[in-house]
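**Q** Below you will find the structure I want to go over with you.
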Amino acid sequence: MTLHTTASTCCYCGVGCGVLIEHDGQRIHNVQGDPQHPANLGRLCSKGANLHRSGDPAARALYPELRLGKSLPRSRCDWDSALQHAAQRFADTVREHGPDSVAFYVSGQLLSEDYYAFNKLARALIGTNNIDSNSRLCMSSAVVGYQRSLGSDTPPCNYEDIELTDCLLIAGSNMAHAHPVLFRRLEAAKARRPEMRIIVIDPRRTDTSSLADLHLAILPGTDVALFHGILHLLFWEDALDQAFIAAHTEGFAELKQLVRDYTPAAVADICGISLDDLQHCAQLIAQAPRFLSLWCMGLNQSTAGTAKNNALINLHLATGTLGRPGCGPFSLTGQPNAMGGRETGSLANLLPGHRQVANPQDRAEVADYWQVAQLPEQPGLTAIELFEAVRQQRIKALWIVCSNPAQSLPDQQKVHQALAECPFVIVQEAFAHTETCAYADLLLPAASWAEKEGTVTNSERRISHVRAAIPAPGEARADWAIACDVARRLENLLRPGQPSLFAFQQPEELFNEYRGLTLGRDLDIGGLSYALLDSQGPQQWPLPVGARQGTPRLYEDLRFATASGRARFISEAYRAPCEQRDARFPLLLNTGRLRDHWHGMSRTGTLASAFGHVEQACLSLHPDELRRRQLKDGDLVKVRSRRASLVLPVLGDTNLRPGQAWLPMHWGDRFLNGLGCNVLTQPAYDPLSKQPELKLSAIQISKLVLPWELYVLVEGDIQAHFNALRPLFDGFTYASFNLTGHERPALQINAGSLVAPQSEWLEQLDQRLQLQQGPVLAYDDPRRRVGKRVRIEQGRIHTIRLAGETAARHWLKGLWHSGEADAQLRRWLLAPLSTPPGNTACTLGKTLCSCRNVSEAAVIQGIADGLKLPELQEQLGCGSQCGSCVPEIKRLLASQALPVSA
Ligand SMILES: Nc1nc2c(c(=O)[nH]1)N[C@H]1C(S)=C(S)[C@@H](COP(=O)(O)OP(=O)(O)OC[C@H]3O[C@@H](n4cnc5c(=O)[nH]c(N)nc54)[C@H](O)[C@@H]3O)O[C@H]1N2
Ligand SMILES: Nc1nc2c(c(=O)[nH]1)N[C@H]1C(S)=C(S)[C@@H](COP(=O)(O)OP(=O)(O)OC[C@H]3O[C@@H](n4cnc5c(=O)[nH]c(N)nc54)[C@H](O)[C@@H]3O)O[C@H]1N2
Ligand code: SF4
Ligand SMILES: [Mo]
């Protein structure tokens, strides 16, 4: 077998790492970091390094599926009928209800070519601005922030600036988990230059804050007050660059007036931090010749998202730290092509080439270029508004591409209601069982990572060529191709006889057409082509005609994209978050990311080892909050917000301050009964960016005892088991699904209910688990409604089912894992005694290092034996591959080094 290598990029985060895909033309054998790619120089994180293992082929959407009535099941159809049906339904809806009765909801995980095709389809052909992207939940506050302060949506920095700076402020970003390869670069820089100062602003202690010289654990949502308070101190200490302010900015007098009120004492109080820490923070910034800031969702996902962005950029303008190496405001983008979406104008208010829908000249330029009479003037609906319009049936046909809104939007009850009632929903997806797929009237299978070609732009404006290595499975097709096929059919229905606007045969033709819309703009890529990307590697925009390479840094001439050429100070007072704690809802819920999972887990949720670090969704709280409520780790609680409730276990976590709670964002309704984490979150959004508040919701919790418990572990065809078993748990008060194991992956289910289900239900379960015949050990105590089943194959446990009570689950899982099925097990199984003879605590603790499968317990033992980081890496292997677990190992080392109190 001949193996080939195809250079492409990782499909996860906005770092945009280059990968080398090793394949035989049909199947991928391995993935390695591309040493030639300037973003990662060969490194990969735990997600990138496992790309070829995640995304189980058994979970893919393979064929178009259609249903002709909401109550009917979907059935397989051919592409031709699928495309014709899509075009006909969209044409009929437009004719009957007008162009604004249809909408597109697209994604920062599309390639720029896909984005461009959908954007042109919506605006030029249908004539609606109702095309918004999941980037609305992610980057839109940064877009508006840059536009307001600097005149255009142009992140000025590059990754090297992180290595060059003297003082790095990281606000609302857990880059150790969310942008790990950049964090590796930062760790290395800090090791080389320990005098470099790092400040982290995050209500939680994180792996990122463990690298910081100063961590300000501010109260959630108080960043604007903090940034104004820092400016107040800088002003007081005469640490401002007055010459820069005078020559290159406007609006300082007003801001000076505003920040006068942000006295250190007042700010320390609002933010819940000490005066010393606040002063220390201002001092570090004041003393640094080069000051750089990085931020992410802790700033953007807020009802004050743009105000937070602008208040932070103010600090750079006031200190003249912009437009030179190691300096500047640097927004980290979340998704791999969030930037491409902004560039191709794929948010409701944007047009391609950093143009605005609201600007008549911008509209006219694009209409001319596309050779249509005009572009729609009516502003498009943004994500939250859009789904509300769907719910109110103002939108009658919705096309969702590469996003899972039935998991990721806030206020999920309303989103599910909207999708259920929408007359026609297309879902264009790579994986068949996302929460949103359940609502598809037409499911279009999409080609995914390693199967399609195009371009993406990473956080530092660097455009990479994404290349296909293998064919897409089944009949899945590239997103741009699906869009263009439907568009051509729509043209026949809506404007017959006219030349096609969608005569694209290759993604490169889309790229070339889009390129024309950048000429003369700040993101001009007139000199860029696929050929140049192939010969010279990834390039940073702008790269105008005649340029030989991209532009590493912007605003070096200190001319900004505003009318006056000056950057603007933005004066906006701190506003308290719109949802507050009170006696009924005394905790503030924060949500975010885990190291090894990606969003709704359609890809990572098929890889058992991705659950090794964190197995289940738990609500984390400070241990004092647990004690106060007489709760212990693992107890179930009902979590209520002002919108809905969710049942899940609690976990003590000293990284949170009392009064706060945290939930990973990844568990939706497929993995956790009750619509997942976003059933609790609020749809309130920033007035300018329309980005919703996903980081702050007031909640209450109450202990819930579910007397009837169930535990299942089953090996084999995981996806088939998942699909067969999942529907049985719909009515359960609590049901959580995850994968476990490494070499022998298994599906695991933990569930609970107030009363025991009917015996027929258990029979159905056993039938689906194949526990009704064969080598199965069984014991039932019908009086107590307790029953145990264990299937043993070739001397090993294959399936476990405990019903009624589950005290033995950890012990049994331990036996499953070790491959033991001994006489002790048989004795216990056939006895009425429910308490197991072995350890009832969870002996299979968390896996710290997912590359080398090293448990936290092993690392703690190693530390107790006196090993330091290099020896741990050498002897246990942990942290020796991708390095994503190194911050956590260091934290364990540091905590073990603390003197033991008497
Ligand atoms: N492993 C992994 N990596 C990812 C992703 C993933 O799903 N998994 N997704 C990618 C995407 S799309 C994105 S957008 C990025 C997100 O990357 P990040 O924004 O870094 O990740 P989050 O965990 O959402 O939130 C970051 C931090 O904001 C803090 N925070 C909450 N409220 C506040 C506040 O009021 N002020 C401040 N200063 N901080 C606050 C949280 O405690 C959290 O630690 O990650 C990308 N990378
Ligand atoms: N509570 C809470 N909620 C959040 C956040 C938070 O911090 N807290 N963060 C928000 C943010 S920043 C983001 S970016 C969103 C992300 O939210 P979503 O957009 O819902 O995230 P994904 O689960 O990545 O959805 C992408 C979908 O596209 C599919 N897919 C993969 N490749 C392809 C392809 O090539 N083509 C097509 N057509 N489909 C493909 C995947 O299977 C997946 O189902 O979540 C938001 N929601
Ligand atoms: S940091 Fe990790 S997830 Fe992000 S692009 Fe690189 S390898 Fe992929
Ligand atoms: Mo995001």
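The values are calculated or read from the model by the stated rules, or taken from the named source; none is laboratory data. None of the values given here were measured: they were computed from a predicted structure. Cβ placement follows ideal geometry from the backbone for every residue including glycine, while neighbour counts extend to all protein chains displayed.
**Q** Output yes when any residue across the stretch 152-170 is within 16 Å of ligand 2 (Cβ to nearest atom), within 29 Å of Pro658 (Cα to Cα) and outside the structural domain of Ser403 (by TED's automatic domain parsing), and no when none is. Quick ask: steps written out before the conclusion?
**A** Let us first name the residues in the stretch 152-170 that are within 16 Å of ligand 2 (Cβ to nearest atom), namely none.
No, every residue in the stretch 152-170 fails to be within 16 Å of ligand 2 (Cβ to nearest atom), within 29 Å of Pro658 (Cα to Cα) and outside the structural domain of Ser403 (by TED's automatic domain parsing).
**Q** Then there is this: For the stretch 117-143, give me each residue that is away from ligand 4 (no atom under 16 Å from the Cβ) and in a helix (DSSP H, G or I). So that I can check it myself, show each step before the final result.
**A** Taking the stretch 117-143 and keeping what is away from ligand 4 (no atom under 16 Å from the Cβ), we get 117-131.
Result: Ala117, Phe118, Asn119, Lys120, Leu121, Ala122, Arg123, Ala124, Leu125, Ile126.
**Q** Determine whether the stretch 387-401 contains at least one residue that is among the small types (Gly, Ala, Ser), more than 16 Å from ligand 3 (Cβ to nearest atom) and farther than 16 Å from Val102 by Cα.
**A** Taking the stretch 387-401 as the starting set, the residues that turn out to be among the small types (Gly, Ala, Ser) are 389, 397.
Next, from what is left, pick out any that are more than 16 Å from ligand 3 (Cβ to nearest atom): 389, 397.
The next check asks that each one be farther than 16 Å from Val102 by Cα; those that pass are none.
No: the stretch 387-401 contains no residue that is among the small types (Gly, Ala, Ser), more than 16 Å from ligand 3 (Cβ to nearest atom) and farther than 16 Å from Val102 by Cα.
**Q** For the stretch 873-886, how many residues meet the condition of being assigned to a helix (DSSP H, G or I) and surrounded by 22 or more Cβ atoms within 10 Å (Cβ to Cβ)? Lay out the reasoning, then the answer.
**A** Filtering the stretch 873-886 for residues assigned to a helix (DSSP H, G or I) gives 873-876, 886.
Add one more test, that the residue is surrounded by 22 or more Cβ atoms within 10 Å (Cβ to Cβ), and what stays is 886.
Going through the stretch 873-886 one residue at a time, the tally reaches 1.
**Q** Filter the stretch 592-625 down to residues that are more than 29 Å from Ser54 (Cβ to Cβ) and crowded, with 21+ Cβ neighbours inside 10 Å and give me whichever is farthest from ligand 2 (Cβ to nearest atom).
**A** Keep residues of the stretch 592-625 that are more than 29 Å from Ser54 (Cβ to Cβ), which gives 621-625.
If we keep only those that are crowded, with 21+ Cβ neighbours inside 10 Å too, we end up with 621, 625.
On the way: Leu621: 17, Glu625: 20 Å.
Among those residues, the one meeting the criterion is Glu625.
**Q** For the stretch 247-292, enumerate the residues that are surrounded by fewer than 17 Cβ atoms within 10 Å (Cβ to Cβ), of a type in the set (S, T, N, Q) and farther than 30 Å from Gly659 by Cα.
**A** Result: Gln257, Gln287.
**Q** Quick test for you: out of Gln412, Gln378, pick the one residue that is touching a residue at least 40 places away in the same chain (Cβ under 8 Å) and crowded, with 22+ Cβ neighbours inside 10 Å. Break it down stepwise before answering.
**A** On the way: Gln378 fails: crowded, with 22+ Cβ neighbours inside 10 Å.
Residue meeting the stated conditions: Gln412.
**Q** So, one more: Which members of the stretch 321-349 meet the condition of being in contact with a helix residue (DSSP H, G or I) (Cβ under 9 Å, 6 or more places away or on another chain), more than 11 Å from Ser133 (Cβ to Cβ), part of a loop (DSSP other than H, G, I, E, B) and within 14 Å of ligand 4 (Cβ to nearest atom)?
**A** Those that are in contact with a helix residue (DSSP H, G or I) (Cβ under 9 Å, 6 or more places away or on another chain), more than 11 Å from Ser133 (Cβ to Cβ), part of a loop (DSSP other than H, G, I, E, B) and within 14 Å of ligand 4 (Cβ to nearest atom): Leu332, Thr333, Gly334.
**Q** Go through the stretch 757-775 and give me each residue that's surrounded by fewer than 18 Cβ atoms within 10 Å (Cβ to Cβ) and over 24 Å from Phe611 (Cβ atoms).
**A** Hits for the stretch 757-775 are Gln758, Ser759, Glu760, Trp761, Glu763, Gln764, Gln767, Gln772, Gln773, Gly774, Pro775.
**Q** Just to confirm my filter: which strands (runs of 3 or more DSSP E) fall fully inside the stretch 768-830 and include at least 1 residues that are free of Cβ contacts under 8 Å to residues at least 12 places away in the same chain? Full working, then the answer.
**A** Values: elements: 776-781, 786-793, 796-804.
Ranges flagged: 776-781.
**Q** Being farther than 21 Å from Thr434 by Cβ, within 15 Å of ligand 2 (Cβ to nearest atom) and either at pLDDT 95 or above or of a type in the set (D, E, K, R) (or both): is that true of Ser8 here? Please lay out each step first, then the result.
**A** On the way: farther than 21 Å from Thr434 by Cβ: yes; within 15 Å of ligand 2 (Cβ to nearest atom): yes; either at pLDDT 95 or above or of a type in the set (D, E, K, R) (or both): yes.
It is true that Ser8 is farther than 21 Å from Thr434 by Cβ, within 15 Å of ligand 2 (Cβ to nearest atom) and either at pLDDT 95 or above or of a type in the set (D, E, K, R) (or both).
**Q** Would the stretch 355-375 turn up any residue that is under 26 Å from Arg461 (Cβ atoms), within 16 Å of ligand 3 (Cβ to nearest atom) and not β-branched (Val, Ile, Thr)?
**A** no
**Q** Every residue in the stretch 193-210 that is more than 30 Å from Ala661 (Cβ to Cβ) and either in a loop (DSSP other than H, G, I, E, B) or free of Cβ contacts under 8 Å to residues at least 24 places away in the same chain (or both), please. Show your work before the answer.
**A** Taking the stretch 193-210 and keeping what is more than 30 Å from Ala661 (Cβ to Cβ), we get 193-197.
Residues satisfying the conditions are Arg193, Pro194, Glu195, Met196.
**Q** On to the next question. Looking at Phe104, Phe90 in this structure, which one is assigned to a strand (DSSP E or B) and either away from ligand 4 (no atom under 16 Å from the Cβ) or surrounded by fewer than 16 Cβ atoms within 10 Å (Cβ to Cβ) (or both)?
**A** Details: Phe90 fails: assigned to a strand (DSSP E or B).
None of the other options fit; the residue is Phe104.
**Q** Continuing with the same structure: Here are some residues: Leu278, Leu294. Which one is part of a strand (DSSP E or B) and either over 23 Å from Val181 (Cβ atoms) or within 16 Å of ligand 1 (Cβ to nearest atom) (or both)?
**A** Working: Leu278 fails: part of a strand (DSSP E or B).
Exactly one of Leu278, Leu294 is part of a strand (DSSP E or B) and either over 23 Å from Val181 (Cβ atoms) or within 16 Å of ligand 1 (Cβ to nearest atom) (or both), namely Leu294.
**Q** What strands (runs of 3 or more DSSP E), lying completely within the stretch 562-660, carry at least 1 residues that are in contact with a Pro (Cβ under 9 Å, 6 or more places away or on another chain) and in contact (Cβ under 8 Å) with a residue 60 or more places away in the chain? Write out each step before concluding.
**A** Working: elements: 587-592, 619-621, 636-641, 645-652.
Those strands (runs of 3 or more DSSP E) span 587-592, 619-621, 636-641.
**Q** Would you tally the residues in the stretch 802-827 being out of contact with any helix residue (DSSP H, G or I) (no Cβ under 7 Å at 6 or more places or on another chain) and within 25 Å of Gln767 (Cβ to Cβ)? Step through it out loud before you land on a result.
**A** Going through the stretch 802-827, the residues out of contact with any helix residue (DSSP H, G or I) (no Cβ under 7 Å at 6 or more places or on another chain) turn out to be 804-814, 816-820, 822-824, 826-827.
Now restrict to residues that are within 25 Å of Gln767 (Cβ to Cβ): 804-806, 808-809, 812-813, 816, 826.
Counting residues in the stretch 802-827 that are out of contact with any helix residue (DSSP H, G or I) (no Cβ under 7 Å at 6 or more places or on another chain) and within 25 Å of Gln767 (Cβ to Cβ) gives 9.
**Q** Follow-up. Working carefully through the options Ser112, Ser101, find the one that is in contact with a Gly (Cβ under 6 Å, 6 or more places away or on another chain) and either at negative phi or in the same structural domain as Gln374 (by TED's automatic domain parsing) (or both).
**A** Details: Ser101 fails: in contact with a Gly (Cβ under 6 Å, 6 or more places away or on another chain).
It is Ser112.
**Q** Quickly run through the stretch 95-152 and pick out the residues that are over 20 Å from Pro507 (Cβ atoms) and aromatic (Phe, Trp, Tyr). It would help to see each step written out before you state the result.
**A** Looking only at the stretch 95-152, we keep the residues that are over 20 Å from Pro507 (Cβ atoms), and these are 95-103, 105, 126-130, 132, 134-152.
Result: Tyr105, Tyr146.
**Q** Quick check, is Leu317 aliphatic (A, V, I, L, M), in a loop (DSSP other than H, G, I, E, B) and under 31 Å from the mean Cα position of the chain (by Cα)? So that I can check it myself, show each step before the final result.
**A** Working: aliphatic (A, V, I, L, M): yes; in a loop (DSSP other than H, G, I, E, B): no; under 31 Å from the mean Cα position of the chain (by Cα): yes.
Spelling it out, it is not the case that Leu317 is aliphatic (A, V, I, L, M), in a loop (DSSP other than H, G, I, E, B) and under 31 Å from the mean Cα position of the chain (by Cα).
**Q** For the stretch 691-709, which residues satisfy the criterion of being crowded, with 24+ Cβ neighbours inside 10 Å and over 21 Å from Leu656 (Cβ atoms)?
**A** Hits for the stretch 691-709 are Gln691, Pro692.
**Q** I want to confirm something. Restricting to the stretch 206-237 and keeping residues that are of a type in the set (D, E, K, R) and either surrounded by 24 or more Cβ atoms within 10 Å (Cβ to Cβ) or at pLDDT below 95 (or both), which single residue is nearest to Leu587 (Cα to Cα)?
**A** Step one: list which residues in the stretch 206-237 are of a type in the set (D, E, K, R), which gives 207, 213, 223, 237.
If we keep only those that are either surrounded by 24 or more Cβ atoms within 10 Å (Cβ to Cβ) or at pLDDT below 95 (or both) too, we end up with 223, 237.
Numbers: Asp223: 19, Glu237: 37 Å.
Step by step, filter the stretch 206-237, then rank; the result is Asp223.
**Q** Being over 22 Å from Pro325 (Cβ atoms) and β-branched (Val, Ile, Thr) is the filter; apply it to the stretch 530-567 and report the residue that is surrounded by the fewest Cβ atoms within 10 Å (Cβ to Cβ).
**A** Step by step, filter the stretch 530-567, then rank; the result is Val545.
**Q** Among the residues of the stretch 281-330, count how many are among the hydroxyl-bearing types (Ser, Thr, Tyr) and within 20 Å of Asp161 (Cβ to Cβ).
**A** Count: 3.
**Q** Here is a follow-up. Report, ordered by the first and then the second residue, all pairs with beta carbons closer than 7 Å, sequence separation of six or more or different chains, a first member in the stretch 6-27 that is more than 11 Å from Asn337 (Cβ to Cβ), and a second member that is of a type in the set (S, T, N, Q) and within 16 Å of ligand 1 (Cβ to nearest atom).
**A** Correct list of pairs: Val15/Asn40; Val15/Asn458; Val15/Ser459; Cys17/Thr9; Cys17/Asn40; Gly18/Thr9; Gly18/Asn40; Val19/Thr9.
**Q** Of Ala438, Ala364, Ala358, which residue is without any contact (Cβ under 8 Å) to a residue 24 or more places away in the chain, away from ligand 4 (no atom under 16 Å from the Cβ) and not in a loop (DSSP other than H, G, I, E, B)? Give the derivation first.
**A** Values: Ala438 fails: without any contact (Cβ under 8 Å) to a residue 24 or more places away in the chain; Ala358 fails: not in a loop (DSSP other than H, G, I, E, B).
Going through Ala438, Ala364, Ala358 in turn, the sole match is Ala364.
**Q** Another question, if that's okay. Just need a number here: residues in the stretch 691-722 that are closer than 23 Å to Arg642 by Cα and either out of contact with any helix residue (DSSP H, G or I) (no Cβ under 9 Å at 6 or more places or on another chain) or part of a strand (DSSP E or B) (or both).
**A** Final tally of qualifying residues: 11.
**Q** Given the structure, is Ala82 of a type outside the set (Asp, Glu) and part of a strand (DSSP E or B)? Spell out the reasoning first.
**A** On the way: of a type outside the set (Asp, Glu): yes; part of a strand (DSSP E or B): no.
The answer is no for Ala82.
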